[in-house]
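Before any comments, here is the structure.
The values are calculated or read from the model by the stated rules, or taken from the named source; none is laboratory data. Just so it is clear, the structure is predicted and the values come from calculations on it, not from any experiment. Methodologically, a virtual Cβ is constructed for each residue, glycine included, from the backbone with ideal geometry; neighbour enumeration extends over all protein chains shown.
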Amino acid sequence: MSEAKISRIPSTVGLPLLVGVILTGTLSVLDSTLVVPLLSTIGRELGGGTSIAWLVAAYLVASTVTIPIWGRWLDLRGERTAMWAALAVFTIGTVLAIFSASLLMLILARVVQGIGAGGLVPLGQAILARRCTSAERARLQVYYNVAYGAAAGLGPLIGGALVAVSWRWAFVIVIPFIVASGVLIAGRLTSLPSGEERAPFDRWGSALMTVGLVSLLIGIERTSIWGLILGVVLVAAFVRHSHRHAESLIPWRVLGHGVAVAAAIVGLLIGLTQFAMLTYLPFLSQKVDPDLNSGIVVIPLTVLWMTLGSITGVVALRVGTRVIVMIGIGVGVLSALVVAWSAALPSLLVASTLIGASAGFVLIPTLLIVQRVVAKADVGAATSLLVLSRNFGGAAGAALTAVLLAGLGVRETFLIIAAVTAVAFVAAVRLPGRVT
């Protein structure tokens with residue numbers, strides 16, 4: 001990295017901390033993508049049949065539902081305690097995975113990994129947000145996007161190469177990254193002043209949120225009406241709990257903030273469409289051409305998602321968040337309509353390009369504006385709310401698309417996804433224009 005570029009890193013952050021927190025987030029992305037090409041190999045060695053899918057699902061659910069817990073822990077206990085705890089839990093899960101002797105043990109190890117991974121991305125982004133202005137955060141997002149894009153692209157390739165060696169190496173190669181990130185952040189994170197009174201952690205709210213979101217995800221995946229009802233009831237109970245308790249898991253100052261809620265809804269719906277495409281465009285391309293490397297069709301999605309956000313984040317600060325996000329939503333709706341119109345390979349590539357651009361237009365600008373409008377003490381909770389909404393939307397989108405495709409055709413399925421995505425326009429109206 002040249003001296004000129006290093007000078008653009010704020011002195012409040014510094015190069016070692018920037019690389020360290022980006023590396024911790026990259027761990028989560030890399031770990032979630034390495035395993036996918038190895039599922040059949042793991043199944044042959046450890047058995048388990050259809051239960052092998054839980055190696056992905058368990059990690060995704062655990063990392064999603066724990067996001068707000070880590071964010072609030074940061075706000076209440078400081079950077080050092082939260083980040084080191086998340087990294088430690090992730091490391092324990094990784095070591096357990098390496099030495100797993102059965103599928104059940106490996107699934108449980110993935111749950112532990114997922115719990116730690118739930119903190120790695122939002123904690124890193126919140127740590128930078130506390131130290132930077134909005135313009136600086138938008139500029140630093142370039143480094144995040146490049147690292148995450150590389151991890152998302154290299155993960156499946158590395159995992160595929162490990163098929164000829166051993167699936168355990170998918171976890172072994174993560175260890176050096178863990179060590180490197182620990183060395184880089186050591187001594188550079190802050191803790192709360194020793195004399196400062198610390199509010200109690202919201203255990204009751206954490207239980208309501210966690211069980212509620214898990215119930216919703218299982219209800220969607222298993223098409224269980226009782227799971228959906230239980231999830232809705234528990235999430236509603238959490239909202240009521242948050243309103244009545246000042247220091248809840250996600251304080252009402254955030255959960256009742258119009259801009260934060262609008263951004264969370266938009267992120268959830270774009271995440272739903274994004275992960276529906278990420279999961280099923282390769283499947284549809286294989287139906288068109290069985291000899292095609294199905295990963296090719298999602299390359300535009302991952303590249304644009306990871307790179308465009310850094311540009312739109314800067315532009316949104318100048319022209320206003322609302323207009324940029326509205327464009328992104330419109331492009332997202334169009335992506336689903338393209339697949340509904342034609343499932344031929346050219347159309348799938350166009351749809352992949354459009355939804356990648358949509359995510360790039362929406363996710364970073366909404367994150368930056370929410371971090372700007374909430375109180376500094378709530379940056380961790382607010383960041384976690386947005387990451388949670390995007391991830392939950394992604395998990396729900398993948399599950400919902402599977403359910404719809406099982407009962408409907410491709411055209412009907414993606415028309416429904418387009419209609420659901422369009423609901424984001426309603427929420428986006430609440431986003432501000434240019435904030436001076």
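When residue 91 is tested against (1) more than 23 Å from residue 238 (Cα to Cα); (2) surrounded by 24 or more Cβ atoms within 10 Å (Cβ to Cβ); (3) of a type outside the set (A, V, I, L, M, F, W, C), exactly one condition is not met: (2). Filtered by the rule that a residue be modelled with pLDDT under 75, closer than 28 Å to residue 279 by Cβ and β-branched (Val, Ile, Thr), the stretch 7-40 gives 33, 36. Taken together, the criteria exclude residue 430 from residues that are assigned to a helix (DSSP H, G or I), basic (Lys, Arg) and not assigned by TED's automatic domain parsing to the domain that holds residue 126. Among residues that are over 24 Å from residue 147 (Cβ atoms) and at pLDDT 85 or above, residue 83 is not included. Among the residues of the stretch 354-373, not a single one is more than 25 Å from residue 313 (Cα to Cα), surrounded by 15 or more Cβ atoms within 10 Å (Cβ to Cβ) and either outside the structural domain of residue 69 (by TED's automatic domain parsing) or modelled with pLDDT under 85 (or both). Determine whether the stretch 265-283 contains at least one residue that is touching a helix residue (DSSP H, G or I) at 6+ places or on another chain (Cβ under 9 Å), assigned by TED's automatic domain parsing to the domain that holds residue 399 and without any contact (Cβ under 8 Å) to a residue 12 or more places away in the chain. Yes, there is a match, as at least one residue in the stretch 265-283 is touching a helix residue (DSSP H, G or I) at 6+ places or on another chain (Cβ under 9 Å), assigned by TED's automatic domain parsing to the domain that holds residue 399 and without any contact (Cβ under 8 Å) to a residue 12 or more places away in the chain. Scanning the stretch 225-234 for residues that are among the β-branched types (Val, Ile, Thr), part of a helix (DSSP H, G or I), surrounded by 15 or more Cβ atoms within 10 Å (Cβ to Cβ) and in contact (Cβ under 8 Å) with a residue 12 or more places away in the chain turns up nothing.
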